[in-house]
Amino acid sequence: MFDDQCVFCQIAQNKISAQKIMENEDLFAINDISPKTPIHILIIPKTHIPSINDLKTDNQTLIGKLFTAAREISKQKKLSEGYRLVINTGPHAGQTVHHLHLHLLGGQQMESMV
Ligand code: AMP
Ligand code: ZN
């Protein structure tokens, strides 16, 4: 379930301290250490899945829970004007932490990327 070399696994196990905005048995959410927007939160499954490419059929419910958590956090943070959800996968997308995570970005007007 955990990878000892992985920073998000260490946070999941409270080996590195981080203020958790939300936590349940499946996932947790933290502020990004290097925020790109006024609100930049990472929603992270507790189990170590390196990327979207490593998802198994069994993980489908978990992925749904990440998006449900994003919706709940958006309400908590009063992002009624909108927000962006991003999952970087692989080097071309700039993935730097190889433990699946959903970025929730908001708090400012953003240009469309697609
Ligand atoms: P990605 O490029 O999608 O892999 O995003 C990884 C994100 O994790 C980056 O936005 C980093 O700023 C963030 N990050 C890395 N280490 C930490 C940490 N210890 N606590 C919070 N955010 C982190
Ligand atoms: Zn991990």
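The values are calculated or read from the model by the stated rules, or taken from the named source; none is laboratory data. If you're wondering where the values come from, they're calculated on a predicted model, not measured in any experiment. Here the Cβ positions follow ideal geometry from the backbone for every residue, glycine too, while neighbour counts run over all protein chains shown. The protein model used for the area step is the full one, side chains on, heavy atoms only, and it has no ligands, DNA or RNA in it. Shrake-Rupley method; radii C 1.70, N 1.55, O 1.52, S 1.80 Å.
T37 meets each of the listed conditions (1) open to solvent by 30 Å² or more (accessible area, probe 1.4 Å); (2) assigned to a loop (DSSP other than H, G, I, E, B) apart from (1). A count restricted to segment 60-95 and to residues that are within 16 Å of ligand 2 (Cβ to nearest atom), outside any helix (DSSP H, G or I) and over 17 Å from T37 (Cα atoms) stands at 2. Scanning segment 1-34 for residues that are in contact (Cβ under 8 Å) with a residue 12 or more places away in the chain, open to solvent by 50 Å² or more (accessible area, probe 1.4 Å) and within 13 Å of ligand 2 (Cβ to nearest atom) yields M1, F2, D3, V7. As a summary of the residue check, Q108 satisfies the conditions (1) of a type outside the set (G, A, S); (2) away from ligand 1 (no atom under 15 Å from the Cβ); (3) without any contact (Cβ under 8 Å) to a residue 60 or more places away in the chain except for the one numbered (3). For segment 85-101, a residue qualifies if it is within 7 Å of ligand 1 (Cβ to nearest atom), farther than 18 Å from F28 by Cβ and open to solvent by less than 30 Å² (accessible area, probe 1.4 Å), and exactly one does: Q95.
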